[in-house]
Amino acid sequence: MARTPLNLEGFRSGKLVGLKRYDQNSLKQWRWLCLCDCGNTHVVLGARLKDKHAQSCGQCGLKQERHPRTHGLSRTPEWNAYMYAKTRCTNPNTIGWKHYGGRGIKFLFTSFEQFLADIGPKPSPKHTVDRINNHGHYEPGNVRWATKSEQLMNRRPVKPIPRDPKTKRFLKKELWPA
Ligand SMILES: [Zn+2]
């Protein structure tokens, strides 16, 4: 009699969170694709996740790989974009951390499927994930695919620093006109 396979979607053990059923091993035991808090993906036996034996990807703190190579999904551009955005919000060791996680931007998608359903397929290699409200989080309703120039248009324009008309030096902030 076949047992009902465990549903570990969203199940947390230590730093690992179950994402989706991945495959079965030779003993017909399900393996689960997990996301580690460090940003890496990891595949573990569902049973080992469930009994909290598996606690992390085992690669935490090591240099991030540009393309996680644990599973077939890593080849899709959407998955790479998902991982990239998530990592910038969760791993202080990533380049650009100060612009994302470091300034409080959170990654609130709970699964790759949720992310993909919200943002849709990547239109072209020139498109990257953009937050519609630049001060908001990565969350359902606030992400879109945008090209570099579309993203720049989305930023608030930076006012030039006023200069003293006589000396041509930059004015101190308290002297700026309102
Ligand atoms: Zn990890």
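Coordinate-derived values only; no laboratory data. It should be emphasised that the depicted structure is a prediction, and the values quoted were computed from it without experimental measurement. Every residue, glycine among them, receives a Cβ derived from its backbone with ideal geometry; neighbour counts consider all protein chains shown.
FRET efficiency for Ser111 and Lys28, Cβ-Cβ distance as r, R0 = 30 Å, nearest 0.05? Efficiency at R0 = 30 Å is approximately 0.75. Residue separation of Lys20 and Ile161 scaled by 0.36 nm, minus their Cα-Cα distance, works out to 45.7 nm of gained length. Label sites at Ile132 and Arg144, each approximated as a point 7 angstrom past Cα along Cα to Cβ, lie 0.7 nm apart. Taking a ≥ b ≥ c as the square roots of the Cα gyration tensor eigenvalues, with a/c under 1.5 meaning rounded and otherwise prolate when a/b beats b/c, else oblate, which class fits the stretch 96-156? The shape class here is oblate. Other residues within the sphere of radius under 10 Å centred on the Cβ of Arg144, judged by their own Cβ, net out at -2 (K and R +1, D and E -1).
Residues in the stretch 144-151 carry Karplus couplings, in order, of 8, 8, 8, 7, 3, 5, 5, 5 Hz; the curve used is 6.51 cos²θ - 1.76 cosθ + 1.60 with θ = phi - 60°, and Gly or Pro positions show x. Taking 0.36 nm per residue of sequence separation and removing the Cα-Cα distance, the Lys50/Glu174 pair yields an extension gain of 38.8 nm.
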